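The values are calculated or read from the model by the stated rules, or taken from the named source; none is laboratory data. Just so you know, these numbers come straight off a predicted model, no measurement behind them. Here the Cβ positions follow ideal geometry from the backbone for every residue, glycine too, while neighbour counts run over all protein chains shown. In case anyone asks, the SASA skips ligands and DNA or RNA and just uses the protein heavy atoms, side chains included. Shrake-Rupley method; radii C 1.70, N 1.55, O 1.52, S 1.80 Å.
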Amino acid sequence: MPQLTPGDGQDLVERYKRAWETRDPDKAMELYRDDAEMRMDPFEEPMVGANAIRTFWNDVAATQANVEFDAERVWVIAQTVLTSWHAAYTWRLTADRYRVRGFATFELDDEGRIQRQRQWATFRVVGKDATFK
């Protein structure tokens, strides 16, 4: 894959946004290589491979609702996409509304699929989602 353009980086982040907001594990899995590594916190062990990553996205689909995700900035360096972002979602079990701010790196292979994702995020409950039952 030639060096990524800023538009390539924005396209990747847009596909990630659609997968998370629609809580669609199939859309999410289209982004990753079968042997990808995903680390949602720098101090946790990475999820490695399609089964582990699908388990993560299945859990997102089952536990979250009313998801909103927006990239604040997107940078591209060689075959890596970096983004600062913010999100919000409702935790289905309690109707707690979470706000999240984070930074992520997506290292892509020659076909444009994620081979390694790393993320740093802070979460905070901001109240109850009155629209959620």
Query raised in the report: Extension gain Phe123-Glu45, at 0.36 nm per residue separation less the Cα-Cα distance, in nm?
Result: 26.2 nm
Query - Of Ala36, Ala61, Ala78, the one that fluctuates the most in a GNM where the chain has Cα springs shorter than 10 Å - result: Ala78
Query raised in the report: How high is the relative contact order of segment 1-69, in percent, with contacts defined as C-alpha pairs under 8 Å that are six or more residues apart?
Result: 33 percent
Report task. Pop the C-beta distance of Leu93 and Asp70 into the FRET formula with R0 = 25 Å and round what comes out to the nearest 0.05. Result -> 0.50
Report task. Please tell me the relative contact order of the chain in percent, rounded to the nearest whole number, where contacts are Cα pairs under 8 Å and at least six residues apart. Result -> 25 percent
Query raised in the report: In degrees, nearest 10, range 0 to 90: what is the angle between the Cα axis of helix 6-21 and the longest Cα principal axis of the chain?
Result: 30 degrees
Requested in this report: Sum up the charges of everything whose Cβ sits under 13 Å from the Cβ of Phe123, counting Lys and Arg as +1 and Asp and Glu as -1, but leave Phe123 out.
Outcome: +2
Report summary line: Checked against the structure, the computed semi-axes √(5λ) of the Cα gyration tensor in Å among (i) 26, 16, 13; (ii) 28, 21, 14; (iii) 24, 20, 16 is the one labelled (i)
Report summary line: Probe 1.4 Å, heavy atoms of protein chains only: per residue, the accessible area of segment 1-107 in Å² is 53 Å²
Requested in this report: For the chain, set up a Gaussian network in which alpha carbons nearer than 10 Å are linked by springs, and say which option among Ile114, Ile77, Ile53 fluctuates the most.
Outcome: Ile77
Query raised in the report: So, counting K/R as plus one and D/E as minus one, what does the shell of residues with Cβ under 14 Å around Phe132 add up to?
Result: +2
